[in-house]
Amino acid sequence: MNNHFDAIVIGAGYIGSSVAYHLSKAGVKTAILDQGAIAAGASRANYGNIQIQDLELEHSVPMIRQAQRYLETLEEELDWNLGLRKLGGLLPIENENQWNILSAREKSLHAIGIQAIMLPANQLQEVEPTIEPANLLGGLYHPDEGQLDPFQLVFAYLTRARSYGLQEFYHTPVIGFEVEHSKIKMIKTPKQDFSADFVILCTGAQTAMLGRTLGCDWKVLHYVLGQAMVTEPLPIQMRNHLASASFFEMGADIPAGVLLANMAISQSTHGNLLLGESMFEADHFNKTFPYQALPSISRSVLKYFPAFRNLRILRGWSTAIADTRDGLPLFGPVESIKGLYLATAFRSTVIVTPLAGKTITQLVTTGQSELDIQAFLPERNAYVSH
């Protein structure tokens, strides 16, 4: 069996499936590898929210603007019902500090054309009737956000990619690389070895570990274990996806051993409530659910949504989530290893998924991209040793 490809994508979640689709469509002989099944990592745990008003403001505005345009025509391009629907985004405010932070953010968003609105507590139920505002000061509201079905997005990309010749290798963990003359000569897995002219890591929280096997330490990258849970379905009633403004008070670093719970709630395209989220800084990939997480999530949600108190919880999950200390993705070529690209740790992954695939494909096929990725380059803060 010939295991040489023009390009190999590692990671079959949102970003990896998009990259595989766009490369295959462009005529690049492509394979995709994943240590588990399709969307087995953070993509499987994702709410599917299309978030805009929480974007990183200094460098990410052009990326989000371009990503919005691609997302608008995605169902037509893929000829697939993704459950795409319009939702608002609401960031409930619990204290004066959060009010001041989001008031400043409202002005910054207006300056770039995003018409978010600061609402006092007595107006919150006008945009989100399910919320109990008694313990809130208000919220930052943006009407033009959205949601889709995460699994349908990944399945659509991979199904369409197969028609362009994509080859898939699941339950195939990468255990090492053979590097020669600053280029990946071989990708090693327990089943077989692979080679490619281009290797794209779309590997989320696993990226740091894979980087170390290549002699790269992307210091800006870390990960947390995040927990959430899902209820039984009920008729669609929520008009927004919501996340506490406390997210904007937090720094990039969570104290080791501390479990933090911040309210995040959304109703899925199937009617289930998605409830979160608790998280803690991790040095392992153990997905067992910390015993404190369920009650912490429940308390954070019921404080503002007491009407949901009697809903049954169907299941909970814990997954590793890639994050960067500067709020920017690792996106683009790795200067120290020819042919290696990273596309991971996006702040809001759903909205950038089509753009990420298009951009990597442009870089692989032409050496340049429409999107300016200078601020996102992996080696902006790295140690490399070969």
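The values are calculated or read from the model by the stated rules, or taken from the named source; none is laboratory data. Here the structure is a predicted model, which is why all the values come from computation and not from measurement. Using ideal geometry, Cβ is built from the backbone for each residue, glycine included, and neighbour counts are taken over all protein chains shown. Heads up: the accessible areas ignore ligands, DNA and RNA and are worked out on the full protein's heavy atoms, side chains in. Shrake-Rupley method; radii C 1.70, N 1.55, O 1.52, S 1.80 Å.
Report the relative contact order of region 130-235, percent, no decimals, based on alpha-carbon pairs under 8 angstrom and at least 6 residues apart.
Worked out over region 130-235, it gives 13 percent.
Report, ordered by chain and residue number, the lysines lying within cross-link reach of Lys25, taken as a straight Cα distance under 29 Å and ignoring same-chain residues fewer than 8 apart.
Excluding near neighbours in sequence, the set is Lys86, Lys183, Lys185, Lys188, Lys191, Lys338, Lys358.
Ratio of alpha-carbon Rg to the 2.2 N^0.38 Å globular estimate for region 74-121, to two decimals, please.
Output field value: 1.66.
With everything on Cα atoms, drop me the angle between helix 293-302 and the longest principal axis of the chain, reported from 0 to 90° to the nearest 10.
Approximately 40 degrees, to the nearest 10.
Two decimals is fine: what is log10 I(q)/I(0) at q = 0.11 Å⁻¹ for region 70-165, from a Debye sum with one equal scatterer on every Cα and no solvent?
Treating every Cα as an identical point scatterer, log10 I(q)/I(0) equals -0.48.
Using a 10 angstrom cutoff on alpha carbons, build the Gaussian network for the chain and name the most mobile of Gln206, Gln147, Gln125.
Comparing Gln206, Gln147, Gln125 in the GNM, the peak value goes to Gln125.
For a Förster distance of 35 Å, can you work out the FRET efficiency between the beta-carbons of Arg312 and Glu96, rounded to the nearest 0.05?
The value I calculate is 0.45.
Rg(Cα) of region 276-379 divided by 2.2 N^0.38 Å?
Dividing the Cα radius of gyration by 2.2 N^0.38 Å gives 1.48.
So what J values fall out for region 11-20 if you push phi through Karplus, 6.51 cos²θ - 1.76 cosθ + 1.60 with θ = phi - 60°, rounded to Hz, Gly and Pro as x?
Each residue of region 11-20 in turn: x, 10, x, 3, 5, x, 5, 5, 4, 4 Hz.
For Gly176, what residues show an amide H to amide H distance below 5 Å, using hydrogens built from the backbone and excluding near sequence neighbours?
Amide H to amide H, under 5 Å and 5 or more residues apart or across chains, Gly176 pairs with Lys188.
Divide, for region 192-236, the radius of gyration over alpha carbons by 2.2 N^0.38 Å, where N is the residue count.
For region 192-236, the normalised Cα radius of gyration comes out at 1.87.
What are the ³J(HN,Hα) couplings of region 174-188, residue after residue, when phi is run through the Karplus curve with 6.51, -1.76, 1.60 and θ = phi - 60°? Round to Hz, x for glycine and proline.
Coupling constants for region 174-188: 7, 10, x, 10, 10, 10, 9, 6, 6, 9, 6, 8, 8, 9, 9 Hz.
With all protein chains present and a 1.4 Å probe, how do Phe376, Phe177 order by accessible area, largest first?
The residues order as Phe177, Phe376, largest area first.
Scanning the chain for trypsin sites (Lys or Arg not before Pro) in DSSP loops with at most 14 other Cβ atoms within 10 Å, what's the longest stretch left with none?
With trypsin sites (Lys or Arg not before Pro) excluded where exposed in loops, the chain gives 1-190 as its longest stretch.
Applying the Karplus parametrisation 6.51 cos²θ - 1.76 cosθ + 1.60 with θ = phi - 60° to the phi angles of region 84-96, what ³J(HN,Hα) value in whole Hz is obtained for each residue in order, glycine and proline being reported as x?
5, 8, 7, 9, x, x, 10, 10, x, 10, 10, 8, 5
Can you tell me the FRET efficiency between Asn122 and Arg299 if r is taken as the Cβ-Cβ distance and R0 is 25 Å, rounded to the nearest 0.05?
My answer for the efficiency is 0.55.
Hey, can you grab everything whose amide H is under 5 Å from the amide H of Leu87? Only 5+ residues off in sequence or another chain; H modelled, so Pro and N-termini drop out.
Those qualifying (amide H under 5 Å, at least 5 residues apart or on another chain) are Glu145, Gly146, Gln147.
Quote the accessible area belonging to Glu76 in square angstrom, nearest 10, computed with a 1.4 Å probe and with ligands, DNA and RNA left uncounted.
Here the accessible area works out near 150 Å².
What 222 nm value per residue comes from the helices of the chain, counting each DSSP H run with n ≥ 4 as -39,500 (n - 2.57) and dividing by all residues, nearest 500 deg cm²/dmol?
Per the formula, -7500 deg cm²/dmol.
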